[in-house]
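Each remark here refers to the structure printed beneath this line.
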Amino acid sequence: MQTKIVITGGPGTGKSTVIKELVERNFMCMPEISREITQNARQNGTEQLFLTKPLLFSELLLEGRVNQYIEAEKKNSAMVFFDRGIPDVHAYMNYISVDYPKTYINTSNFYRYNYIFLMAPWEEIYITDNERYENFEQALAIHNHLEKAYIALNYSIIAVPTGTIEERTDFILASIK
């Protein structure tokens with residue numbers, strides 16, 4: 001059976017950098033897809049789809065993350081790491097206080113992961129860019145919503161300590177039994 005591992009956290013916590021390190025170490029990883037959705041919307045004339053049409057953005061993201069999960073199951077790999085998980089979608093909807101269909105929770109319960117690693121906001125490495133518009137205080141609030149969403153789904157969360165990319169990656173790998 002395949003072990004599915006989520007690396008999650010608010011924006012700018014180093015998730016994607018750890019995923020890149022895991023790829024360099026030859027682990028199977030599924031990349032974050034929200035930037036792709038944001039960039040596609042921008043090419044079609046919508047500057048910040050998440051801000052202007054949050055439900056549409058979230059539906060596209062939910063569909064994309066489910067497709068990633070299904071694609072991962074087809075891979076001949078004992079372990080697959082995900083840059084964010086399906087529950088992140090409704091955690092963000094909770095953060096912006098937008099109602100969403102109950103199917104979001106049902107989907108999160110249907111597609112389960114074995115490990116959830118939560119990376120806390122770390123001000124020293126936090127930066128904004130064209131796709132990341134949140135300030136550090138908003139990143140803290142998002143972190144709290146992510147934690148609550150995974151706990152509500154009965155996940156045990158493993159907090160990833162700060163440190164170098166190598167140290168954080170080593171911590172994650174050592175925590176997987």
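Bear in mind these aren't lab numbers, they're just calculated from the coordinates by the rules spelled out. No experiment lies behind these values; they were computed from the predicted model shown. Note that each Cβ is placed from the backbone with ideal geometry, even for glycine, and that neighbours are counted across all protein chains shown.
Quick look at the values:
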{"quantity": "Separation of the ALA141 and SER156 label points, Cα + 7 Å toward Cβ, nm", "calculated": "3.3 nm"}
{"quantity": "Kirkwood-type radius of the chain, with distances r between different C-alpha atoms, in Å", "calculated": "16.5 Å"}
{"quantity": "Length added when fully stretched, VAL98-ASN114, from 0.36 nm per residue minus Cα-Cα", "calculated": "2.9 nm"}
{"quantity": "Value of relative contact order over the chain, rounded to a whole percent, pairs C-alpha under 8 Å and six or more apart", "calculated": "35 percent"}
{"quantity": "Lysines with Cα under 17 Å of LYS177, excluding same-chain neighbours fewer than 8 positions away", "calculated": "LYS4"}
{"quantity": "Highest-fluctuation residue, LEU56, LEU146, LEU118 considered, GNM on the chain with Cα pairs under 10 Å", "calculated": "LEU56"}
{"quantity": "Choice from GLU32, GLU24, GLU59 with maximal GNM fluctuation in the chain (Cα, 10 Å cutoff)", "calculated": "GLU24"}
